[in-house]
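Here's the structure we're looking at; comments come further down.
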There are 2 protein chains.
Amino acid sequence: MKQSICSLLGIKLPIISGGMVWCSGHKLAAAVSLSGGLGLIGAGSMHPETLRQHIQKIKVTLGNTPFGVNIPLFYPELETLIYILTEEKVPVVVTSGGNPALYTQRLKETGAIVMHVIASVKFAKKAAEAGVDAVIAEGFEAGGHNGRDELPTMILTPMVAQAVDIPVIAAGGIAQGCQWLAAEALGANGIQIGSLFAVSEESSAHQNFKELCLTLGENSTHLSLKGLSPVRLIKNEFFARVNEAEARGASKEEITEILGRGRAKKGIFEGDLVEGELEIGQNIAMINEVKPVKEMVEILIEQYNEAKLNLK
Amino acid sequence: MKQSICSLLGIKLPIISGGMVWCSGHKLAAAVSLSGGLGLIGAGSMHPETLRQHIQKIKVTLGNTPFGVNIPLFYPELETLIYILTEEKVPVVVTSGGNPALYTQRLKETGAIVMHVIASVKFAKKAAEAGVDAVIAEGFEAGGHNGRDELPTMILTPMVAQAVDIPVIAAGGIAQGCQWLAAEALGANGIQIGSLFAVSEESSAHQNFKELCLTLGENSTHLSLKGLSPVRLIKNEFFARVNEAEARGASKEEITEILGRGRAKKGIFEGDLVEGELEIGQNIAMINEVKPVKEMVEILIEQYNEAKLNLK
């Protein structure tokens, strides 16, 4: 038996929120932690000093209740971020993209619990070797950055759970109680929720973005930009331009130029639905209302219990 | 509560086998039915008279035990096939690809139970309207032909189960007991198994194909030929050629020419691993042994019960 995620992280519910760029500020993270899960601040969209402010604010709100910070290991000012995390004694650090061997030991030495996001068994094993406390196995269904092997949660979770001895948190395709139960059936010790919390009241995403998300259907997102780094995007006009270029075999340079800079901010934070890079998971088709996190979590628990009853 | 798949089909286990081209002959279908599930003969790779022979042979083996036939609705000699199915009084017909409104009523009038394979809620609703008895919701994980919306089982199953009133069979990503349990948690009333049975002893696939399958890993397949009709393929030399052409934006005509004719037969049935079109699902990474179907089903039940115990 693997250690439970709740005892590892000191939380009541085995739910963590994704560190979603332009959504996961201290407000969303605090709301998730106060609901019994583990909220993550997403550092990917923050300047180092902005991150410090978010950490200091969440500490005031939460007191001793745990929270975490997600840092992409390809972040340009990575050293500074790591320094802030250790100085501020952030209880849980989730690293993603990049080599977990680089910072895991340093973070653990300062008392942090370290988890790493992976999208294949190969990288799950590398993360376990690097000494992380748990892996977050993120499937093809997830929004935003995604693995190259296109493994959905139904395949990835059991493969990873059977391959490593540390706890596994399933991510991607989980926004309903039945999906939470399915993830546990597949061998997950906990779940990470992205898209649902991205459209919560406490998410710092722009109102335009949230409202668009509520209207989306089963064919509204697509895994795109595979020549650079795969990202699941909403099919807006910017996406159509990328898609057209990719279909005619445009060069990496041309795609990079079309992408430009700061598009995720433009779309998700500033609400430009035409020119923005709009990241969300496939589950968005089943999400039809903006609600406070607390209510979302209560519904999840209700659905989970109902699904469990139906299974008997 | 939806009708159980077992009572609908008159079987003991809620397991059906996929109608896999060049794998699903009367031997594989009979083995699945004799193990308590519903075996399907895959008509997609058969001349009409070959299909009739397979049906007549399976009837001898099975007596009153039910079986089914899968027919792709884009089959060139469709009228002839439908005639054979009704004449031979095939108890269960699974249609796939194409419009279920065309033949469902005619097949039902001759006493057949009709199920249709779909890969989106949109088509699930159309199938329900056409009067099918159940839908088979096939996710992105599956081998061979695949939906355009790239919806994995984790997303597709609950969406479809919540959208239609008829029973839903989950397909794609199910080769272990924990995945079977997960499918039920997601709201499926039964499961369809493809890749696992494709490498069973009774599958008519070539030994070369089965042996290659046992060596495959998590990044060995890819959803390909999206410009024509998406198919999940093993990354062999033929795949590499298609992939290279697609990456440089080759025309539909050029891709069609590269594909040519009869490649699935060449690869799966004749064992040409270089030039063949090799269709298999992502789960193949977890399948490491050729076994008789009966043994595979016993292991599935064991794993399912174990996963259910772990969930409590």
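The values are calculated or read from the model by the stated rules, or taken from the named source; none is laboratory data. From a predicted model like this one, the values you see are computed outputs, not experimental measurements. All Cβ positions, glycine included, derive from the backbone under ideal geometry; neighbour counts span all protein chains shown.
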inquiry  = Would you confirm whether or not region B:219-228 contains a residue that is more than 25 Å from residue A:151 (Cα to Cα), surrounded by fewer than 17 Cβ atoms within 10 Å (Cβ to Cβ) and either at pLDDT below 95 or not aliphatic (A, V, I, L, M) (or both)?
reply    = no
ask   = Do we find that residue A:12 is over 21 Å from residue A:192 (Cα atoms), outside any strand (DSSP E or B) and at pLDDT 95 or above in this structure?
value = no
request  = Among the numbered conditions (1) in contact with a strand residue (DSSP E or B) (Cβ under 6 Å, 6 or more places away or on another chain); (2) loosely packed, with under 14 Cβ neighbours inside 10 Å; (3) β-branched (Val, Ile, Thr), tell me where residue B:274 comes up short.
outcome  = (1)
ask   = residue B:261 passes all but one of (1) over 18 Å from the mean Cα position of the chain (by Cα); (2) crowded, with 22+ Cβ neighbours inside 10 Å; (3) not aromatic (Phe, Trp, Tyr); which number fails?
value = (2)
key: Members of region A:120-149 found to be within 12 Å of the chain's Cα centre (by Cα) and free of Cβ contacts under 8 Å to residues at least 40 places away in the same chain, listed by number   = A:139
key: Top-ranked residue in region B:298-310 [being surrounded by 16 or more Cβ atoms within 10 Å (Cβ to Cβ) and within 12 Å of chain A (Cβ to nearest Cβ); ranked as farthest from residue B:142 (Cα to Cα)]   = B:308
ask   = Counting just the residues of region B:205-230 that are touching a residue at least 40 places away in the same chain (Cβ under 8 Å), within 14 Å of chain A (Cβ to nearest Cβ) and small (Gly, Ala, Ser), which one comes out farthest from residue B:279 (Cα to Cα)?
value = B:217
Every residue from region A:164-184 that is out of contact with any Asp or Glu (no Cβ under 7 Å at 6 or more places or on another chain) and part of a loop (DSSP other than H, G, I, E, B) = A:164, A:165, A:167, A:174, A:175, A:176
query = Under 6 Å by Cβ, and 6 or more places apart or on different chains, what pairs join a residue from region A:285-297 that is more than 14 Å from every other protein chain (Cβ to nearest Cβ) and within 10 Å of residue A:213 (Cα to Cα) with one that is surrounded by 23 or more Cβ atoms within 10 Å (Cβ to Cβ) and at pLDDT 95 or above?
reply = A:290/A:199
query = Can you spot a residue in region B:283-291 that is modelled with pLDDT of 95 or more and either touching a Gly at 6+ places or on another chain (Cβ under 7 Å) or small (Gly, Ala, Ser) (or both)?
reply = yes
ask   = Looking at (1) touching a helix residue (DSSP H, G or I) at 6+ places or on another chain (Cβ under 8 Å); (2) within 23 Å of residue B:146 (Cβ to Cβ); (3) among the basic types (Lys, Arg), can you tell me which one residue B:308 breaks?
value = (2)
Residue count, region B:236-257 (criterion: crowded, with 16+ Cβ neighbours inside 10 Å and either closer than 23 Å to residue B:210 by Cα or not acidic (Asp, Glu) (or both)) = 7
ask   = List the pairs whose first member sits in region B:150-165 and is at the interface with chain A (Cβ under 7 Å from one of its Cβ atoms) and surrounded by fewer than 24 Cβ atoms within 10 Å (Cβ to Cβ), whose second member is modelled with pLDDT under 95 and part of a helix (DSSP H, G or I), and whose Cβ atoms are under 9 Å apart, counting only residues at least 6 apart or on separate chains?
value = none
task = Sort out which residues of region B:133-149 are small (Gly, Ala, Ser), part of a loop (DSSP other than H, G, I, E, B) and more than 8 Å from chain A (Cβ to nearest Cβ), and write them in order of number.
result = B:142, B:143, B:147
inquiry  = Condition check: assigned by TED's automatic domain parsing to the domain that holds residue B:18 and crowded, with 24+ Cβ neighbours inside 10 Å. Does residue B:174 satisfy that?
reply    = yes
task = Filter region A:236-250 down to the residues that are over 24 Å from the mean Cα position of the chain (by Cα) and of a type in the set (A, V, I, L, M), then identify the one that is farthest from the other protein chains (Cβ to nearest Cβ).
result = A:240
task = Take the residues in region B:168-191 that are within 19 Å of residue A:311 (Cβ to Cβ) and not hydrophobic (A, V, I, L, M, F, W, C), then tell me which one is nearest to the other protein chains (Cβ to nearest Cβ).
result = B:173
query = When the residues of region A:273-284 are filtered to those that are away from chain B (no Cβ under 14 Å) and in contact (Cβ under 8 Å) with a residue 40 or more places away in the chain, which remaining residue is nearest to residue A:173 (Cα to Cα)?
reply = A:279
request  = Scan region A:254-280 residue by residue and report those that are of a type outside the set (Val, Ile, Thr) and within 12 Å of residue A:236 (Cα to Cα).
outcome  = A:267, A:272, A:273, A:275, A:276, A:277, A:278, A:279
inquiry  = Given the criterion under 26 Å from residue A:159 (Cα atoms) and of a type in the set (Asp, Glu), identify the matching residue among B:279, B:254.
reply    = B:279
inquiry  = Considering only residues that are of a type in the set (A, V, I, L, M, F, W, C) and modelled with pLDDT under 95, which ones fall in region A:295-312?
reply    = A:311
